Each structure stands twice: as C-alpha cells, then as structure tokens.
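Here the structure comes first, spelled out in structure tokens, and everything after it is commentary.
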Amino acid sequence: MAIETVGIVGAGQMGNGIAHVFALAGYEVLLNDVSAEGLTKAIAIIDKNIERQVSRGKVSAEDKAAAMARIKTTMTLADLGQTDLVIEAATEKETVKQQIFDALLPHLKPTTILTSNTSSISITRLASRTDRPEKFMGFHFMNPVPVMQLVELIRGIATDVETYETLLAVVGKLGKTAASAEDFPAFIVNRILMPMINEAVYTLYEGVGSVKSIDESMKLGANHPMGPLELADFIGLDTCLAIMNVLHEGLADTKYRPCPLLTKYVEAGWLGRKTGRGFYDYRGETPVPTR
Ligand code: CAA
C-alpha cells in the first residue's frame with residue numbers, strides 16, 4: 001500500500017522528531033496535539049534541528065524549506081482521518097492512548113494503517129480495542145529520532161503481512177533500519193536497556209557509586225555515548241519507570257522491580273531534562289549531579 005500522508009498524534013519529544021524525519025523523506029505530515037503552544041514549540045524545535053543538519057551540510061536549504069512546508073498542524077484529531085498512516089506518539093499511559101484511539105477511529109478511512117510509538121505496551125491489546133487489529137502495529141522510534149538509526153516494528157497477533165511490509169518499506173524510505181520484535185513487554189531495545197538503567201539507579205541507591213562515577217564508568221569503561229543516569233534523564237524518568245512497571249507486571253519476575261529511588265525522583269516531579277531536574281540539575285549553565 002502506498003503511503004503519502006502521515007498523521008502524528010502528540011507533538012512532544014518523540015512526535016516532533018517523527019514529524020521531522022517523515023517531512024524530510026517527502027511525506028505530507030499532519031501533526032496533532034491538544035496544546036496550541038505545544039504545536040508552536042514543536043515547529044520551532046523541528047526548524048532548529050533541521051537547521052542543525054543544514055549547517056553540517058547534511059541537508060540542503062531547499063530540502064529544509066520543502067520539508068518545513070510539508071508539515072501542517074491541527075488541534076482537531078478528526079483531521080487525521082484522511083491520512084494513510086497514523087502514528088500515535090502521546091504519553092506512555094495506556095488510558096491516554098486508548099482515549100486517542102477511541103476518538104480517532106470513527107474518522108479514519110478503512111485503509112488507514114494505525115500505529116503506536118509505544119515503548120512497552122502490548123500491541124495486541126491496543127489493537128484488539130480498535131476496528132482494525134490487522135492494520136495495527138507497533139512503530140517504535142528511538143530518541144533523538146533524527147539521529148538514531150533504528151525503528152522497532154512490532155506485529156500484534158492479528159497484524160497482516162501487507163501492513164508489516166508497508167511499514168518496512170516506509171522505514172527504508174526514511175533511510176533507517178528496521179528490527180522486528182515479537183509483541184512481549186518492552187520489545188527488544190527497552191527489554192535490555194531499561195533493566196540496565198534501573199540497575200544503575202540501584203547502584204546509586206545502594207551507595208556503590210555517585211551519579212558522576214556511575215556515568216563516567218559506563219562512558220569510559222563501556223564506550224556508551226551517555227552514562228545510564230544521563231540517558232535516563234534524557235528519556236524521562238517517568239517513561240523509564242512506566243517501562244519498568246510494564247516489565248515487572250508483564251513478566252512477573254522480581255528482577256524487573258523498579259528501584260525505589262527511581263520512584264522517588266518521579267514522585268518529586270524530577271523527571272529529567274524536560275522538567276529541569278532529574279539525576280542532574282539542568283537549571284544552571286552545566287548539569288550538576290543531584291547526588
Ligand atoms: N536533531 C538532529 N540532529 C541531532 C539532534 C536532533 N535532535 N541531536 C543531535 N543531533 C546530531 C548533531 O547535530 C550531531 O551531528 P554530526 O554528527 O553531524 O555532528 C550528532 O547528532 C551528535 O550530536 P552532538 O555532537 O550534539 O552530541 P553528541 O555527540 O553528544 O551526541 C547523542 C548526542 C546522539 C544524543 C548521543 O549522546 C547518543 O547517541 N546518546 C544515546 C542516545 C540513546 O541511547 N537513545 C536511545 C534512547 S532509548 C529510546 O529512545 C527508546 C525508548 O523507548 C525509551
């Protein structure tokens with residue numbers, strides 16, 4: 001099936017990155033959010049991030065202008081009904097995603113492929129509550145979307161071959177690489193990454209190392225581009241906790257028990273970079289460890 005128009009629900013960190021890469025790849029993009037301010041901010045971020053690629057000679061000024069012109073915004077979910085592909089990239093909360101699908105479904109044309117950028121929630125369960133489980137898939141991008149090469153493709157139990165092959169072709173057109181994951185809690189990347197981040201928080205909680213020594217150890221000792229606590233702040237501590245809870249509940253194994261210190265940071269509203277404070281305090285010129 002040919003995909004030309006793409007609707008994206010949620011203009012946050014993931015949604016604006018997804019809009020960025022689809023527009024640069026030639027797709028018409030309709031970006032939706034409940035907040036007008038969120039949409040304005042998203043367009044400014046996309047502009048800044050594509051400009052960064054222009055200044056490094058990776059994208060031409062003409063291609064940037066064409067990409068920006070391909071992105072339209074709307075606060076009306078129903079406007080996404082006529083697009084060929086919808087990518088839901090809202091908060092990692094099942095109730096929120098469910099409300100979005102419920103509101104969107106009556107407006108969708110029958111051929112539209114419906115996807116979720118969820119990082120951990122069951123695709124089969126989300127799909128079962130729609131009118132098109134065979135045209136529903138997990139379409140999981142990594143952050144920062146314009147830079148990260150991988151996209152996870154997750155088929156629910158009912159997803160048909162045509163839907164999967166269509167999305168595989170879309171990933172190719174984006175210039176990215178697809179990895180197919182079975183529909184089990186947190187799929188591949190987060191099944192491996194989040195327990196590592198959670199273990200880094202336990203290492204801090206038990207006093208084995210400080211924020212600085214833990215991050216430096218993994219950067220210099222394992223060649224990770226970011227330390228695990230810096231990466232947790234980058235992803236968002238609420239998202240990390242939500243994924244650990246999905247692993248813990250979905251696989252019923254105590255090895256996925258979220259660290260109480262991670263829970264405490266989330267309870268404090270210290271969610272990482274997006275709130276100005278997490279394992280580091282970002283409110284000054286340079287990030288300062290909070291422990
Ligand atoms: N848009 C466009 N380009 C961007 C960008 C953005 N948002 N952010 C960074 N870049 C580009 C920079 O322009 C730069 O380009 P060049 O190579 O052409 O110079 C390149 O990316 C590297 O950026 P910087 O030099 O600014 O910084 P850096 O070298 O420290 O790299 C990073 C930044 C790419 C984020 C790197 O630190 C990194 O790879 N970190 C790990 C990220 C990661 O693990 N992401 C996955 C998170 S898990 C996930 O997303 C799944 C989930 O469900 C939670």
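The values are calculated or read from the model by the stated rules, or taken from the named source; none is laboratory data. Because the structure is predicted, anything quoted here is derived from the model rather than measured. Quick reminder, even Gly has a Cβ in these numbers, built from the backbone with ideal geometry, and neighbours come from all protein chains shown.
If I filter region 76-91 for residues that are closer than 16 Å to PHE139 by Cα, among the charged types (D, E, K, R) and touching a strand residue (DSSP E or B) at 6+ places or on another chain (Cβ under 9 Å), do I get at least one hit? Yes: one or more hits. In region 114-131, the condition of being out of contact with any strand residue (DSSP E or B) (no Cβ under 7 Å at 6 or more places or on another chain), of a type in the set (A, V, I, L, M) and outside any strand (DSSP E or B) is met by at least one residue.
So which of ALA200, ALA181, ALA186 ends up being within 16 Å of the ligand (Cβ to nearest atom) and surrounded by fewer than 21 Cβ atoms within 10 Å (Cβ to Cβ)? Don't jump to the end; show me each part of the working.
Details: ALA200 fails: surrounded by fewer than 21 Cβ atoms within 10 Å (Cβ to Cβ); ALA186 fails: surrounded by fewer than 21 Cβ atoms within 10 Å (Cβ to Cβ).
Result of the check over ALA200, ALA181, ALA186: ALA181.
For region 139-153, how many residues meet the condition of being within 6 Å of the ligand (Cβ to nearest atom) and touching a strand residue (DSSP E or B) at 6+ places or on another chain (Cβ under 7 Å)?
Just the residues of region 139-153 that are within 6 Å of the ligand (Cβ to nearest atom), to begin with: 142-144, 146-148.
Going one step further and asking which of them are touching a strand residue (DSSP E or B) at 6+ places or on another chain (Cβ under 7 Å), we end up with 142.
Number of matching residues: 1.
THR159 - would you say it is assigned to a helix (DSSP H, G or I), among the β-branched types (Val, Ile, Thr) and surrounded by 14 or more Cβ atoms within 10 Å (Cβ to Cβ)? Walk me through it before giving the result.
On the way: assigned to a helix (DSSP H, G or I): no; among the β-branched types (Val, Ile, Thr): yes; surrounded by 14 or more Cβ atoms within 10 Å (Cβ to Cβ): yes.
Here the answer is no, as THR159 does not meet what is asked.
When PHE141 is tested against (1) without any contact (Cβ under 8 Å) to a residue 60 or more places away in the chain; (2) under 16 Å from SER119 (Cα atoms), only condition (1) is not met.
Restricting attention to region 229-241, which residues are on the phi < 0 side of the Ramachandran plot, within 10 Å of the ligand (Cβ to nearest atom) and not β-branched (Val, Ile, Thr)? Step through it out loud before you land on a result.
Residues of region 229-241 on the phi < 0 side of the Ramachandran plot: 229-235, 237-241.
Checking the rest, the ones that are also within 10 Å of the ligand (Cβ to nearest atom) come to 230-232, 234-235, 239-240.
Residues satisfying the conditions are GLU230, LEU231, ALA232, PHE234, CYS240.
Here is a check on your reading of the model: is ILE46 under 28 Å from THR166 (Cα atoms), assigned to a helix (DSSP H, G or I) and modelled with pLDDT of 95 or more?
Working: under 28 Å from THR166 (Cα atoms): yes; assigned to a helix (DSSP H, G or I): yes; modelled with pLDDT of 95 or more: yes.
Here the answer is yes, as ILE46 does meet what is asked.
Do we find a residue being part of a loop (DSSP other than H, G, I, E, B), acidic (Asp, Glu), closer than 19 Å to GLY10 by Cβ and modelled with pLDDT under 95 anywhere in region 93-107? Lay out the reasoning, then the answer.
Kept after step one, since they are part of a loop (DSSP other than H, G, I, E, B), are these residues of region 93-107: 93.
From what's left, acidic (Asp, Glu): none.
No, region 93-107 has no match at all.
If the condition is being of a type in the set (A, V, I, L, M), under 29 Å from LEU108 (Cα atoms), within 15 Å of the ligand (Cβ to nearest atom) and surrounded by 15 or more Cβ atoms within 10 Å (Cβ to Cβ), then region 30-86 contributes ALA42, ILE43, ILE45, ILE46, ALA67, MET68, ILE71.
Which of the residues belonging to region 49-75 are β-branched (Val, Ile, Thr) and either modelled with pLDDT under 95 or over 22 Å from ASN32 (Cα atoms) (or both)? Walk me through how you get there before you give the answer.
Of the residues in region 49-75, the ones β-branched (Val, Ile, Thr) are 50, 54, 59, 71, 73-74.
Result: VAL54, VAL59.
For region 179-190, the count of residues that are over 26 Å from GLY138 (Cβ atoms) and free of Cβ contacts under 8 Å to residues at least 40 places away in the same chain is zero. The C-beta contact set for region 1-21 (first residue in contact (Cβ under 8 Å) with a residue 40 or more places away in the chain and surrounded by 24 or more Cβ atoms within 10 Å (Cβ to Cβ), second residue among the aromatic types (Phe, Trp, Tyr) and in a loop (DSSP other than H, G, I, E, B), distance under 7 angstrom, 6+ apart or interchain) comprises VAL6/TYR27.
Among the listed residues PRO228, PRO287, which satisfies the condition of being at pLDDT 95 or above and either within 15 Å of ALA200 (Cα to Cα) or under 19 Å from the mean Cα position of the chain (by Cα) (or both)? None of the others qualify; the one that does is PRO228.
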